[in-house]
Amino acid sequence: MAVRATSASHWVWIVPLLALAAFAAGAVLPAHAAFAFVLFPALPGGVFAGVHHAEVVAHRVGEPFGTLVLALAITVIEASLIVSLMLAGGAARSELARNTLFATVMIICNGVVGLCLLPGASRYGEQNFAYRVRARHWPY
């Protein structure tokens with residue numbers, strides 16, 4: 001199936017160009033706190049456009065390589081954000097990569113537990129945790 005361009009897909013080219021112009025203006029103009037309101041939507045817009053491009057490439061490549069393309073794109077985006085924060089912070093931010101990875105693992109682990117508890121709570125109400133080995137196979 002071919003990916004068809006629609007009029008809604010123009011944002012994928014316009015938003016990164018606007019973000020690039022905003023970051024270039026930020027490098028040339030003197031620093032001001034009000035300019036953060038321009039740069040704040042530019043970064044997520046550029047990231048979303050990059051992920052959209054990765055999804056289009058992944059769709060054209062197909063499985064299993066499409067999954068690898070998406071995983072690589074997300075890894076590059078996350079690593080570049082961490083490195084840019086570390087470079088902006090100097091020596092005081094040397095532990096930022098460790099803390100970011102720890103926070104990611106904790107969010108994922110808590111998110112998985114939360115996603116497991118939601119359907120269980122909606123079906124059974126209050127849940128108890130009891131670790132014991134049963135003679136029969138689960139879920140009988």
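Values in this text are rule-based calculations from the coordinates and carry no lab data. This one's a predicted model, so the numbers in the text were calculated from it and none came from an experiment. Cβ: placed from backbone, ideal geometry, glycine included. Neighbour counts: every protein chain shown.
Under 1.5 on a/c is rounded, so check that first for segment 7-93, then, if it is not, pick prolate when a/b is larger than b/c and oblate when it is not; a ≥ b ≥ c are the square roots of the alpha carbon gyration tensor eigenvalues. Note, shape of segment 7-93 comes out oblate.
Protection proxy ranking, highest mean first, for peptides 62-69, 42-49: 42-49, 62-69, where packing is the per-residue count of other beta-carbon atoms within 10 Å, averaged.
With θ taken as phi - 60° and the Karplus curve 6.51 cos²θ - 1.76 cosθ + 1.60 applied, the whole-hertz 3J(HN,Hα) list for segment 112-118 is 5, 5, x, 5, 6, 6, 4 Hz, x standing for glycine and proline.
In the chain, helical runs assigned H by DSSP with n ≥ 4 each contribute -39500 (n - 2.57); averaged across all residues and rounded to the nearest 500, the mean residue ellipticity at 222 nm is -24500 deg cm²/dmol.
Rounded to the nearest 0.05, what FRET efficiency do Arg123 and Ile77 give with R0 = 35 Å and r taken as the Cβ-Cβ distance? Could you check?
In this case the efficiency is close to 0.40.
Net charge within 14 Å of Val47 by Cβ-Cβ distance, Lys/Arg positive one each and Asp/Glu negative one each, not counting Val47 itself? Local charge sum for Val47: -2. Computed from Cα positions, the angle between helix 11-28 and the longest principal axis of the chain comes to roughly 60 degrees.
The HN-Hα couplings worked out from phi for segment 34-46 by the Karplus form 6.51 cos²θ - 1.76 cosθ + 1.60 (θ = phi - 60°) are 5, 5, 5, 5, 7, 6, 4, x, 6, 5, x, x, x Hz, whole numbers, x standing for Gly and Pro.
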